[in-house]
Structures are given as C-alpha cells and as structure tokens.
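Since the structure comes first, as structure tokens, the remarks are kept for the end.
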Amino acid sequence: MSSLDMFRNAFEGLRQSLQADRVAHGYLIVGQPRGSAMLLAESFLQLLFCRAAEKPCGKCPQCARIKRREHPDVAWIEPELKSRRISIDKIRDAVIGLFSRKSYEGGWKAAVVVAADRMTEDAANALLKTLEEPPGQSVVLLLTDAAHYLRPTIVSRCQRILLGDAGERVEDVPWRGPLLELLREGPAHDTIAARLQAAKIKAILDDARK
C-alpha cells in the first residue's frame, strides 16, 4: 500500500468515526511530524471545525483559521527552539489551559503536540492525566516519527494511526553501531560494571534524541 493510500484510508477512518460520533480523545499519528502527520492533523481538524455541508471545504473561515493556526479552540505545541524539548509549562498552558475552559465556538477543542516524543517526563505525566480524564468534545493529536520514545501509558490511551513515511531502516539509525558495539561486550559481571554499562546505553539513547 502506498503512502498516499495509507493517508487516504486514515482520513476516511477519521471521517467515519466523526460521523458515527465515535471520535477518540487521543490519536497517535505516526509519520513525519512536519509532513504527512501534520497534514493529516490539519485535515482532521478542518473536518471537526468546518461548517460547510461537505466537510472539510478548505475555504470557510474555520478551515482557514486551522490552516493558519489561528483557531481559538485549537492549541499547537512544538519543541522549544533551544532545548528542543516540550516542557510541562507548555502542556499546562496550552493543553490543560485550553481544555479547562469553554470553547469559543461551543464545539470541539483540540490540541496538537508536534514531535510528541520530545516531551519531558513531567510534560508527559501532565498530558497523561488529561488523557485519563478528558473533558467532553476534546481531542489530543500526538505527531511523531519516534513513537517508541513515548510512554506506554500514553500510547495505550491513544488510537494509533500509522502513515507510510513513518518507518526508517534499522541500518540507517545513527545510534545502531555504538549500541551494538556496547552489547557485544556481553553482560556486566559486577554491580559497578552494570551501572557503567547502563550509563553508556543511556548516553547513546540521549544523544540519539538530540
């Protein structure tokens, strides 16, 4: 199945969920955060907020505001430029703040977390509480091409959508070589060696996320 077919199928699945009044409170969209995943998120938001008979029309004020990221009932959260992480303050201010008040248009409220794997542990904990007790007519869209970095508890509370450009060949992953070399050393024989080995593995994985 081509990437385009996967995108179309994913969008039609979201459309059917909306028509059946079965929209999930959380979606994990696995694809390029600034590519297909973002395009699907924008299309879905236009579907939610569009007022035209044929949704999404892409031309009405609601669709236009989604495209410009100016809709008052939609929060966009991205990693900070310097740290390249998503802090708990961003989750509190944007997501929890949005969901704690009434929607401006009396309908849906949505939050899009771009590169969701970049959330700090505190940010992930704050988002998890929202996913565990979501308010009515609210939806969180998590965009990532590295879903394995997300907490399993967050993943389990989201409906997963896999797009065609999400995968990467294992041989192309930059941390594969250093990690394999470390694992070839075999298991540690004492507590100090075990701690040192764990620290090396953590350093490799932390460097991969930079």
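The values are calculated or read from the model by the stated rules, or taken from the named source; none is laboratory data. Here the structure is a predicted model, which is why all the values come from computation and not from measurement. No Cβ is skipped: glycine too gets one built from the backbone with ideal geometry, and neighbour counts run over all protein chains shown. Only protein heavy atoms, including side chains, enter the accessible area calculation; ligands, DNA and RNA are left aside. Shrake-Rupley method; radii C 1.70, N 1.55, O 1.52, S 1.80 Å.
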Do we find that A64 is more than 12 Å from the chain's Cα centre (by Cα), part of a helix (DSSP H, G or I) and without any contact (Cβ under 8 Å) to a residue 12 or more places away in the chain in this structure?
yes
How many of the residues making up region 81-114 are within 19 Å of A41 (Cα to Cα), out of contact with any strand residue (DSSP E or B) (no Cβ under 6 Å at 6 or more places or on another chain) and open to solvent by less than 30 Å² (accessible area, probe 1.4 Å)?
2
Go over the candidates E121, E78, E70, E54 one by one and state the one that is acidic (D, E), open to solvent by 10 Å² or more (accessible area, probe 1.4 Å) and in contact (Cβ under 8 Å) with a residue 12 or more places away in the chain.
E78
Any idea how many residues of region 59-85 are touching a Ser or Thr at 6+ places or on another chain (Cβ under 6 Å) and farther than 18 Å from T144 by Cα?
1
Residues that are in contact with a Pro (Cβ under 7 Å, 6 or more places away or on another chain) and within 17 Å of P56 (Cβ to Cβ), drawn from region 1-44
S43
For region 88-165, which fully contained strands (runs of 3 or more DSSP E) count at least 1 residues that are touching a His at 6+ places or on another chain (Cβ under 7 Å) and not basic (K, R)?
138-144
Subset of region 26-51 that is open to solvent by 50 Å² or more (accessible area, probe 1.4 Å) and not basic (K, R) - its residue that is nearest to L150 (Cα to Cα):
Q32
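Scan region 5-23 for residues that are within 21 Å of I154 (Cβ to Cβ) and surrounded by fewer than 15 Cβ atoms within 10 Å (Cβ to Cβ) and jot them down.
Residues satisfying the conditions are G13, R22.
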